[in-house]
Structure formats: structure tokens, C-alpha cells
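Quick notes on the structure that follows.
Bear in mind these aren't lab numbers, they're just calculated from the coordinates by the rules spelled out. Note that the coordinates shown come from a computational prediction; the quantities given were computed from them, not determined experimentally. Here the Cβ positions follow ideal geometry from the backbone for every residue, glycine too, while neighbour counts run over all protein chains shown.
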Amino acid sequence: MIDGWWLAAQILAGGLGAVARFGVMSIVRPGVWSWGLVAVNAAGSLVVGAAAGAFTVQALDWTIVALVLGFAAGFTTFSTLTVTAAQHIERREIRTGTIIVTSHVVVGIALAAVGYISTSMLLGA
Amino acid sequence: MLLSLTAEFSDGDTSTLTDVTALSKSVLAVFLGGLLGSAARIGITLVAGRIDEYWWPYPILFINLFGSFALGFLVGRGMGKLPAWLQLGITTGFLGGFTTLSAISLDVAVPAVRHGIGPLLVMGSYAVGSIVLGLVSAILGLRLGSRHSEVAP
């Protein structure tokens, strides 16, 4: 299953994901709360959940799912999130920093579950 | 800042041209950085091999912790001496593409939906671990980076 073309396509999808994130985050100007980053991480999590759900009911081919996962992995990001939060914590805004990271992770998990349940129910038999 | 050029695209003055060049350089750098970051992430997960479905996916954890530390270090140290496109290629491109949130979301959500509370608790501890250790890594990176700051304190 792991052949060269499949790997190359997944890596390429990750590169495109990074460019898409750059686009979204350049358009959505950061305020106190980085809404661009919220949108990116939320959308990426919803999409991987939906792809995995479609895969479990055999509505989507594994190669397509792999490309979606590759794109979303490059699209979403963790390091920007933790460093933004860490800067708040270093300014003694411990609550803000903790809330930023936790909300992204909790929203991401919830949206992945919503995506997974939606497609596996809607597309399943 | 970079995208403001769309409004003045028809002006045809040289500053717009410079903006277009700067934008295309940045996009290319982010793309190449994202490719390398994705390749590194996928490479690490392949080398690590198969992970138990209901336990912490430590390759992704390692990737996210290393990425958080590295970005913290670079932000703390400052990258003013590097051209803007290279800064973007390294941070937004490489480290942004290397680290991931969607993998955490999926690895926690799917076992919970399929198998209920037990896997949710195990994978929930992985999510909490990622948050706490990710913050610690980023803070360590920021502090170590500012100690080696290119700007004199």
C-alpha cells in the first residue's frame, strides 16, 4: 500500500495545505483572538473526521482519504498554537494561554467526531 | 499586508510589482517548506511503524513537541537577519506543515465514537498530554531562544 507515488501525492497535498493555511491566515487579520487559525484548525478537523467516516462505510476510496488526511495535516498546525499561547503565559496571562490551546484541541476533537458521525450515517447503507 | 496588493493591482506602478514578487516568493517558500515539513512528518511516522490504535500516537506527539520547541526558539531568538520569504518558509511552511492538529482530532474522536468511554479516556489523556507538553515545549523554546537573542537584551 505504501508505494512511492502514494507517498509523493500525500507530501504534495501537505505542501498545498500549508499554502492554503497561509492564504486563510493572510486574509483573516489576527486580533486578540487568531480567528484565521481557529478556522484552519476547525475546518481541517471536520474534514478529516468526514473523510474517515466516509471510508468506514466504504463510500470513499483509501487513496482519496490518504490525500485528504495529507492535505489536512499540512493545513492544520500545532506549533503556531502552542507558541502563541506560550507568549501569553510568559506575559503572566496564564488563563488566556491555556484557553487558546485547549479550545482548539477540544473544538477539533468535537468537529472530527461530528464529521465522522455525519458521513458514516448519511453515506452508510 | 501581503494581500493588500489585490486592491491596487491595476495601478501598474513599481511598488505593486515588488509586492507581487514578494507575494509569489512567500507563497513558493511556504509551499516548499510545507512539502519538506510534510515529508519529515510522514517519514517519522513511517519509521516509527504501526501504533496501537488505542494508545498515544507518540510519533505525532514527538513531532508536535519538537515543532513547538523549534518555533518557540526561533520566535524567542528573532529571525530579523533572514529575508521575509525565508522566515515564512521556515515557520509557516516547514514547522506549520510538520506539526498538525487534525491528527490529534482524528485520533481522539474516532476511537471515542466507535468504542465509547474507555478509549475516550485513554485518547483524552493523549490530548491533555499534547496540550500540557506542547505548552511546556513552546515556553522552553521561547526562553532558550531569547537567551540567544540576536537583539541585545
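Binning the C-alpha pair distances of segment B:74-153 at 5 Å intervals from 0 yields a P(r) profile of 3, 13, 15, 17, 15, 11, 9, 7, 5, 3, 1 %, listed from the shortest bin outward.
3J(HN,Hα) along segment B:139-148: 5, 4, x, 4, 5, 5, x, 6, 5, 9 Hz, from the Karplus curve 6.51 cos²θ - 1.76 cosθ + 1.60 with θ = phi - 60°, whole Hz, x for Gly and Pro. Comparing B:ALA138, B:ALA127, B:ALA109 in a Gaussian network model of chain B where C-alpha atoms under 10 Å apart are linked, the largest mean-square fluctuation is found at B:ALA109.
Distances between placed amide hydrogens fall under 5 Å for B:TYR54 paired with no residue 5 or more residues away or on another chain. A Stokes-Einstein calculation at 25 °C with viscosity 0.890 mPa s, built on the Kirkwood radius of the protein assembly as shown over Cα pairs, returns a diffusion coefficient of 128 µm²/s. Angle of helix A:4-27 to the longest C-alpha principal axis of chain A, folded into 0 to 90 degrees and rounded to 10: 40°. Compute the helix-to-body angle for A:62-75: its Cα long axis versus the longest principal axis of chain A, expressed 0 to 90° and rounded to tens. Computed tilt is about 10 degrees.
Compared with the dominant principal axis of the Cα atoms in chain B, helix B:58-77 is inclined by about 30°.
Each residue of segment B:116-130 was assigned a 3J(HN,Hα) from its phi angle through the Karplus expression (A = 6.51, B = -1.76, C = 1.60, θ = phi - 60°), giving x, 5, x, x, 4, 5, 4, 6, x, 5, 5, 5, 5, x, 4 Hz with x at Gly and Pro. Taking trypsin sites (Lys or Arg not before Pro) in DSSP loop states with no more than 14 other Cβ atoms inside 10 Å as exposed sites, chain B has its longest site-free stretch at B:82-153. Among B:SER24, B:SER68, B:SER130, the residue with the largest mean-square fluctuation in a Gaussian network model of chain B, with springs joining Cα atoms closer than 10 Å, is B:SER24. Placing one equal scatterer on every Cα of chain A and applying the Debye formula, the log10 ratio I(q)/I(0) at q = 0.10, 0.19 Å⁻¹ is -0.37, -1.03. When chain B is treated as a GNM with alpha-carbon contacts under 10 Å, the residue of B:LEU106, B:LEU71, B:LEU61 showing the greatest mean-square fluctuation is B:LEU106. The Rg/Rh ratio of segment B:9-153, with Rg taken over Cα atoms and Rh as the Kirkwood radius over Cα pairs, comes to 1.11. Restricting the calculation to Cα atoms, segment A:36-104 shows an Rg/Rh of 1.16 when the hydrodynamic-style radius is the Kirkwood one.
Within segment A:67-125, the trypsin sites (Lys or Arg not before Pro) that combine a DSSP coil assignment with at most 13 other C-beta atoms in a 10 angstrom radius are A:ARG91, A:ARG92. Here segment B:104-149 is treated as a Stokes sphere of Kirkwood radius computed over C-alpha pairs; at 4 °C and 1.567 mPa s its diffusion coefficient rounds to 108 µm²/s.
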